[in-house]
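The values are calculated or read from the model by the stated rules, or taken from the named source; none is laboratory data. Values in this document were obtained by computation on a predicted structure and should not be read as measured data. For neighbour counting, all protein chains shown are included, and Cβ atoms are generated from backbone atoms with ideal geometry for every residue, glycine included.
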Amino acid sequence: MTHAAILGCSGQGLSREEQAFFRDVRPWGFILFARNVENPDQVRRLVEDLRASVDRPDAPVLIDQEGGRVQRLGPPHWRRYPPGRAYGELPANDLLLQREIARLGARLLAHDLAELGINVDCVPVLDVPVEGAHDVIGDRAYAKTPEGVARLGRAACEGLIAGGVLPVVKHIPGHGRAKADSHLDLPVVETSYDELDAWDFAPFKMLSDMPMVMTAHVVYSAVDPRRPATTSRTAMRKVVRGAIGFDGLVMSDDLSMKALGGDFASRAKASLAAGCDVVLHCNGDMDEMRAVIAGTRELSGQAARRAKAALARLAKLPEPLDLEAARARFDAAFAGIWTP
């Protein structure tokens, strides 16, 4: 049985306890953080060991490799990449250039990840920032309008998919208006439904064909005044599956974030009951992971169909890439604007 969960691990290699646990509970996938990274050979071994623990060579292995302040792989072994905002600040009168370089940057990210066996990147951020919001999104956003965010977000998705890596669109249905960091507190957005629909939800509608999304731990009072989107059946049905029209795989944001209340089994159970297909737990804490698994269920039915369809979007053979020329083009586009 495969559990509807994506889990982390504690270090740069699997302990015997972790190997036995993963073999027993068989999570659908895994996620890596900076604590799991030392050098390319070590990361490749870890990725191989994670997949071997569940005996599934296609098991998704995720990472947050956006660029800017959210980049788990970095120097000296990997290049730095700019934050999302930098793409939107390329010459504003040349939207084609912005789109080209956003796609190219994602294609280069995919190359870095595919060399390690990582096949899912938690990019792009489709949150549209508004004046007065918390800076947890900030320069991670591509632009200041839904149209600009969607245009560059789609370019990033295309670059990743071309390189054999799946994108995860986040944070549905929109974190850009939140006045608190959901890692630390539960944000409550009081904006009217019509305004949310026209602004915050819009980029997700424009990319509703993507394979995977990650939820926002945010309360939208016009949708459900009591529960954040992750654990709100109303938000999932009315907004995510309804107004936005997304039919791909929905994964929760990290269950260990302080925006959520209750024990870990309850958080997992509530997320799945609301309509998430899989839950995400990132920190590798064994006691917490055991509790999360106690609150999950078998990946089956529509959730299993969506998971299979998402993985089917992985290219069998990546788009050809002249790495030296691509890097030179990318660096030239940012010359004088952003430096690693």
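Residues that are touching a helix residue (DSSP H, G or I) at 6+ places or on another chain (Cβ under 9 Å) and farther than 30 Å from Leu280 by Cα within the stretch 307-321 comprise just one, Leu321. For the stretch 207-217, the criterion of being charged (D, E, K, R) and in contact (Cβ under 8 Å) with a residue 40 or more places away in the chain is satisfied by no residue at all. Filtering the stretch 1-37 to residues that are charged (D, E, K, R) and part of a loop (DSSP other than H, G, I, E, B) leaves only Arg26. Beta carbons closer than 8 Å, at least 6 apart along the sequence or on distinct chains, pair a first residue in the stretch 170-194 that is within 22 Å of Leu249 (Cβ to Cβ) and in a loop (DSSP other than H, G, I, E, B) with a second that is hydroxyl-bearing (Ser, Thr, Tyr) and modelled with pLDDT of 95 or more for Pro173/Tyr220.
Please state which one of Asp49, Asp94, Asp58, Asp41 is surrounded by fewer than 21 Cβ atoms within 10 Å (Cβ to Cβ), acidic (Asp, Glu), closer than 28 Å to Lys308 by Cα and free of Cβ contacts under 8 Å to residues at least 60 places away in the same chain. Only one candidate passes the filter, namely Asp49. Which residue is surrounded by the most Cβ atoms within 10 Å (Cβ to Cβ), if the candidates are limited to the stretch 185-227 and must be β-branched (Val, Ile, Thr) and within 20 Å of Glu147 (Cα to Cα)? Among those residues, the one meeting the criterion is Val213. For Ser271, indicate whether it is more than 18 Å from Cys9 (Cα to Cα), out of contact with any strand residue (DSSP E or B) (no Cβ under 7 Å at 6 or more places or on another chain) and in contact (Cβ under 8 Å) with a residue 40 or more places away in the chain. For Ser271, the condition - more than 18 Å from Cys9 (Cα to Cα), out of contact with any strand residue (DSSP E or B) (no Cβ under 7 Å at 6 or more places or on another chain) and in contact (Cβ under 8 Å) with a residue 40 or more places away in the chain - is not met. Does at least one position in the stretch 144-156 carry a residue that is part of a loop (DSSP other than H, G, I, E, B) and within 17 Å of Glu89 (Cα to Cα)? Within the stretch 144-156 (the criterion being part of a loop (DSSP other than H, G, I, E, B) and within 17 Å of Glu89 (Cα to Cα)), the answer is yes, since at least one residue qualifies.
Just wondering, is there one or more residues in the stretch 205-224 that are more than 16 Å from the chain's Cα centre (by Cα) and part of a strand (DSSP E or B)? Checked against the condition, which is being more than 16 Å from the chain's Cα centre (by Cα) and part of a strand (DSSP E or B), the stretch 205-224 yields at least one hit. Scanning the stretch 298-318 for residues that are modelled with pLDDT of 95 or more, surrounded by 12 or more Cβ atoms within 10 Å (Cβ to Cβ) and in a loop (DSSP other than H, G, I, E, B) returns Leu299, Ser300, Arg313, Leu314, Pro318. If you go through the stretch 149-161 one residue at a time, do you hit one that is basic (Lys, Arg) and farther than 25 Å from Phe264 by Cα? Yes, the stretch 149-161 contains a residue that is basic (Lys, Arg) and farther than 25 Å from Phe264 by Cα. If you check Asp127, Asp112 for being outside any loop (DSSP other than H, G, I, E, B), buried (at least 18 other Cβ atoms within 10 Å of the Cβ) and not aliphatic (A, V, I, L, M), only one passes: Asp112. With respect to (1) buried (at least 16 other Cβ atoms within 10 Å of the Cβ); (2) closer than 27 Å to Ala309 by Cα; (3) touching a residue at least 12 places away in the same chain (Cβ under 8 Å), the lone exception for Thr234 is condition (3).
The requirement of being among the polar types (S, T, N, Q), touching an Asp or Glu at 6+ places or on another chain (Cβ under 7 Å), under 27 Å from Ala326 (Cβ atoms) and at pLDDT 95 or above is not satisfied by Gln42.
Scanning the stretch 156-173 for residues that are over 12 Å from Pro124 (Cα atoms) and either crowded, with 24+ Cβ neighbours inside 10 Å or touching a Gly at 6+ places or on another chain (Cβ under 8 Å) (or both) turns up Val165, Pro173. Residue under question is Leu255, and the condition is that it be touching a His at 6+ places or on another chain (Cβ under 6 Å) and crowded, with 23+ Cβ neighbours inside 10 Å; does it hold? Against the criterion (touching a His at 6+ places or on another chain (Cβ under 6 Å) and crowded, with 23+ Cβ neighbours inside 10 Å), Leu255 qualifies. Of all residues in the stretch 96-122, exactly one satisfies the criterion of being under 11 Å from Gly159 (Cα atoms) and β-branched (Val, Ile, Thr), namely Ile101.
The set of residues from the stretch 6-33 being in contact with a Gly (Cβ under 8 Å, 6 or more places away or on another chain) and either of a type in the set (A, V, I, L, M) or farther than 15 Å from Asp287 by Cβ (or both) comprises Ile6, Leu7, Gly11, Phe30, Ile31, Leu32, Phe33.
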